[in-house]
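Worksheet: the structure to be examined is printed underneath.
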Amino acid sequence: MLSAYVGGIGVLGPGLANWQETATVLSGGVVYSPARTLLPTPTLLPPAERRRTGRVVKLALAVALEASSRANVNPAQLASVFSSSGGDGHNCHELCQALALDAREVSPTRFSNSVHNAPAGYWSIATGAKLESNVLCAFDASFCAGLLEAMTQVAVDGGSLLLVAYDTEYPEPIHSKRPIPDAFGAALVLTPQRNPESVARIDVTLDHEPADTMSNPVLESLRLSIPAARCLPLLRQLARREAGRTVLEYLDVSRVAVNVEPCV
Amino acid sequence: MRPLLLESFTATSCIGLGIAQTFESLLAQRSGLKNCKFETVDIDTYIGEVPGVDSVRVPEELSQFDCRNNRLAELALKQDGFLETVQRAASRWDRKRIGVFIGTSTAGILQTELAYRERDLITGALPASFEYSATHNSFSVADYLRQRLHLEGPAVVVSCACASSAKVFGSARRMIEAGLIDAALVGGVDSLCLTTLYGFHSLQLSSPAPCRPFDVARDGISIGEAAAFALLERPSEQLDSDDILLLGVGESSDAYHMSAPHPEGHGARRAMQAALRTAGLDPAAIDYINLHGTGTPSNDRSESHAVTSVFGPTTPSSSTKGATGHTLGAAGALEAVISAIALRNGFMPGGVHTTQIDPTLTTYYIRENRYSSVSHVLSNSFGFGGTNCSLIFGRAG
């Protein structure tokens with residue numbers, strides 16, 4: 001079993017502007033009304049870098065910043081795990097389109113931004129975070145892959161860490177092959193010890209029970225359509241501030257079970 | 001950290017299919033770099049292309065995975081009895097407790113590049129045969145390997161540009177140490193594609209000649225492709241003296257620039273220091289350094305600063321990228337295997353293509369092969385986004 005304390009949470013998604021709003025929706029306080037995800041300008045970055053960033057960077061930085069602010073930690077002191085099923089779909093489309101033309105004029109900025117670790121790189125530049133940063137992909141299982149990596153880092157290396165899971169849409173023609181409808185991201189600050197900002201203790205194990213679903217069909221459709229949103233049952237458990245166990249979808253028949261114990 | 005055993009390892013690159021050919025090429029200081037004739041690419045550069053990838057076939061039941069990247073993975077699996085070793089391990093351990101950790105930067109994006117040339121003239125749609133998840137998606141190569149080898153443990157792709165397949169050793173190490181798994185297939189697979197060939201060209205980072213790491217006239221990288229794997233386990237009580245152990249892993253971020261390393265190599269220095277710390281070794285214990293050594297003016301200068309600041313100017317060091325090319329997301333794993341070959345054979349590969357070492361670089365760069373016992377090797381891998389990883393390998397005895 002892997003254990004850690006959740007110190008701060010960040011969320012941004014369709015109709016979900018931040019963790020506070022998301023928690024109210026997930027605990028049943030208000031009805032979920034989806035709307036296009038609004039991505040803020042990454043003011044954390046110097047203007048020259050800001051201009052170069054696409055939607056995926058804006059999304060990842062926004063949730064990472066919210067989680068670290070809520071945890072009341074200096075982001076420069078956190079190691080990080082970034083996990084995404086795809087990366088910057090618009091940038092990828094522009095590159096593939098340029099390469100399909102005879103001239104093959106590839107923009108150097110687009111190429112630099114095409115690396116899967118671009119959001120992690122911009123985060124580190126923006127905050128001065130110099131500790132280890134890992135960037136993962138496990139297709140639809142990317143959230144749990146990130147969670148497992150993050151929990152093992154906290155358990156084995158004993159430091160505090162920022163987990164950021166995020167996905168944005170591809171434009172056509174890739175969209176038809178990978179129909180992610182919009183942007184969704186979630187970030188958790190995980191610490192090995194309890195501190196005054198701790199929201200809950202989580203214990204994570206590999207499991208094979210059926211995964212939890214969302215009872216609200218619109219939230220369930222969000223969970224299923226954007227890989228990063230596979231974490232919604234865990235966010236719901238955290239939002240309710242009740243002890244309980246939640247099972248998340250992972251690979252094939254594998255599941256990740258998370259036991260949540262609120263810090264009161 | 002607790003050392004881990006490299007139960008088995010293999011590498012396939014332009015200098016050889018499998019360990020024997022790779023070692024032979026290193027001994028002969030033979031480079032696999034050739035003038036670029038890949039696909040329809042029209043760039044004046046040299047590349048490290050693995051011969052015969054196009055004729056490899058993936059098993060029929062996994063045909064959706066068919067692409068250059070997974071063919072390269074399949075070709076590499078077949079060398080050195082590696083596939084059988086993993087299958088034996090899978091019958092020895094619980095399949096659910098063997099993890100898969102693969103580094104790649106571009107996976108099978110070549111499929112998408114080709115598909116974009118065949119878009120429907122009216123609707124713009126990609127051809128029906130295009131398989132996004134099994135070829136384009138970064139995870140495709142790890143998914144291919146876990147299905148090919150029937151491994152059921154945690155599986156993930158690490159995609160941190162050119163440090164990807166060094167960092168997989170760190171992820172696997174943590175998961176084994178946390179007790180989630182008993183063994184791990186680690187490795188890197190990256191194959192030639194237009195995105196990287198034209199992309200590095202657009203940044204003016206690829207050389208028109210075979211790359212010359214640490215040379216006074218170095219002017220860029222030569223892109224290569226490779227697949228390299230290792231099976232990691234906890235070591236048993238009885239080890240052979242030439243068993244190879246993973247002893248240290250150090251990771252850091254530059255927090256400096258997306259596509260340029262820190263000029264003084266501060267991030268690289270912290271990665272090397274962290275690797276030494278986790279291995280519990282002094283810098284003097286390292287006999288040979290396999291440099292990241294890409295051959296760009298800025299990388300080699302930055303790395304040289306970093307290496308000298310940790311090790312001083314006397315530790316023999318070289319880059320094997322003059323032989324293999326820069327295999328990007330596969331470089332960490334390929335050079336881990338080269339480090340293992342060096343340890344097992346008491347051998348330090350001299351850097352090829354470098355004729356006049358840059359006198360302003362203070363690292364002790366070796367151009368000729370050396371033959372003497374090697375107990376500990378440090379291998380560096382750095383990537384875009386300012387991500388750094390150093391690995392330390394050693395002999396069991």
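FYI, it's all coordinate maths here, none of it is from the lab. Note that the coordinates shown come from a computational prediction; the quantities given were computed from them, not determined experimentally. We place every Cβ from the backbone using ideal geometry, glycine too, and count neighbours over all the protein chains shown.
Enumerate the lysines that A:Lys58 could reach by cross-link, defined here as Cα to Cα under 27 Å, with residues fewer than 8 away along the same chain left out. Reachable lysines: A:Lys130, A:Lys177, B:Lys167.
In terms of other Cβ atoms within 10 Å, A:Lys58, B:Lys34 run from fewest to most in the order B:Lys34, A:Lys58. Within the stretch B:13-140, the proportion of C-alpha pairs whose separation exceeds 18 Å stands at 67%. Comparing the stretch A:143-196 with the 2.2 N^0.38 Å rule of thumb, its C-alpha radius of gyration ratio is 1.55 (two decimals). Scanning chain A for long hydrophobic helices, with DSSP H runs required to stretch 15 angstrom or more by C-alpha along their axis and to average at least -1.0 on the Kyte-Doolittle scale, returns A:55-70, A:89-100, A:142-157. Here the relative contact order of the stretch A:153-255, from alpha carbon pairs under 8 Å that lie six or more residues apart, stands at 26 percent. Among B:Phe101, B:Phe214, B:Phe38, the ranking by other beta carbons within 10 Å of each residue's beta carbon, starting with the fewest, stands as B:Phe38, B:Phe214, B:Phe101. For the stretch B:4-395, the residue among B:Thr106, B:Ala306, B:Ala228 whose Cα projects farthest onto the positive side of the dipole built from Cβ charges is B:Ala306. Start at zero, step by 10 Å, and the Cα-Cα distances of the stretch B:200-358 spread as 10, 37, 38, 12, 2, 0 percent across the bins. May I ask you to list the residues of the stretch A:67-88 whose amide nitrogen lies under 14 Å from a point 7 Å from Cα along the Cα→beta-carbon direction of A:Asn18? Label zone hits: A:67-72.
Legend: helices of chain B (whole DSSP H runs) are marked when their alpha-carbon atoms reach 18 angstrom or more along the helix axis and their mean Kyte-Doolittle hydropathy is at least -0.5; marked are B:164-177, B:266-279, B:331-345. Mean projected area of the convex hull spanned by the Cα atoms of the stretch A:163-264, taken over all viewing directions: 7.3 nm².
Would you mind classifying the stretch B:98-204 by shape? Square roots of the alpha carbon gyration tensor eigenvalues, ordered a ≥ b ≥ c; an a/c under 1.5 is rounded, otherwise it is prolate if a/b is larger than b/c and oblate if not. Here the stretch B:98-204 falls in the oblate category. Among the trypsin sites (Lys or Arg not before Pro) in the stretch B:114-199, those located in a DSSP loop and surrounded by at most 16 other Cβ atoms within 10 Å of their own Cβ are B:Arg117. First check a/c for the stretch A:117-173, with a ≥ b ≥ c the square roots of the eigenvalues of its C-alpha gyration tensor; if it is under 1.5, answer rounded, and if not, answer prolate when a/b is larger than b/c or oblate otherwise. Note, shape of the stretch A:117-173 comes out oblate. Taking the number of Cβ atoms within 10 Å of each Cβ as an exposure proxy, the fewest-first ranking of A:Val156, A:Val264, B:Val158, A:Val11 is A:Val264, A:Val156, A:Val11, B:Val158. Taking every Cα-Cα distance in chain A and sorting them into 10 Å bins from zero, the calculated P(r) comes out as 7, 32, 37, 18, 4, 1, 0 percent. The alpha carbons of the stretch A:108-220 stretch over 46, 41, 24 Å along the principal axes, in descending order. Note on the protein assembly as shown: helix-only mean residue ellipticity at 222 nm, from DSSP H runs of 4+ residues weighted -39500 (n - 2.57) and normalised by residue number, equals -9500 deg cm²/dmol. Cα convex hull, the protein assembly as shown: 138 Å³ per residue, rounded to a whole number. Farthest toward the positive end of the dipole of the protein assembly as shown, out of A:Ala155, A:Ala103, B:Ala142, is the Cα of A:Ala155, where the dipole comes from beta carbon charges about the Cα centre. Measuring nothing but how far apart in sequence close Cα pairs (under 8 Å, 6+ apart) lie, relative to its length, chain A scores a relative contact order of 27 percent. Between B:Asp42 and B:Thr123, residue separation times 0.36 nm minus the direct Cα-Cα distance comes to 26.3 nm.
Computed FRET efficiency, Cβ-Cβ of A:Asn195 and A:Thr41, R0 35 Å: what is it to the nearest 0.05? About 0.65, to the nearest 0.05. In this entry, the stretch B:168-224 is assigned a mean projected area of 5.9 nm², taken as a quarter of its C-alpha convex hull surface.
Computed FRET efficiency, Cβ-Cβ of B:Thr360 and B:Asn35, R0 35 Å: what is it to the nearest 0.05? For B:Thr360 and B:Asn35, the calculated efficiency is 0.70.
Rounded to the nearest 20 debye, the dipole magnitude of the stretch B:4-395 is 380 debye, with +1 charges on Lys and Arg beta carbons, -1 on Asp and Glu beta carbons, and the Cα centre as origin. For peptide B:114-120, the mean count of partner chain Cβ atoms within 10 Å of a residue's Cβ comes to 4. With all pairs of separate Cα atoms included, the stretch B:337-397 yields a Kirkwood hydrodynamic radius of 13.3 Å. Look at the Cα gyration tensor of the stretch A:1-58: its axes a ≥ b ≥ c give a/c of at least 1.5 with a/b at or below b/c, and that counts as oblate.
Normalising the Debye intensity of the stretch B:4-395 to I(0), with uniform scatterers on Cα atoms only, and taking log10 at q = 0.10, 0.11 Å⁻¹ returns -0.57, -0.70.
The charge dipole of the stretch B:298-397, taken about its Cα centre with unit charges on the Cβ of Lys, Arg, Asp and Glu (plus for the first two, minus for the last two), comes to roughly 220 debye.
The mean sequence distance of close C-alpha pairs (under 8 Å, at least 6 residues apart), as a share of the length of the stretch A:70-185, puts its relative contact order at 40 percent. Simple rule: put +1 on each Lys or Arg Cβ and -1 on each Asp or Glu Cβ in chain A, find the dipole, and look at A:Met214, A:Leu248, A:Ala62; the Cα lying farthest toward the positive end is A:Ala62. Most simply put, the stretch B:4-395 has about 70% antiparallel DSSP beta bridges, counting only bridges with both residues inside it. Cross-link reach is defined here as a Cα-Cα straight distance under 23 Å, omitting same-chain residues fewer than 8 places apart; for B:Lys37 the lysines meeting it are B:Lys321.
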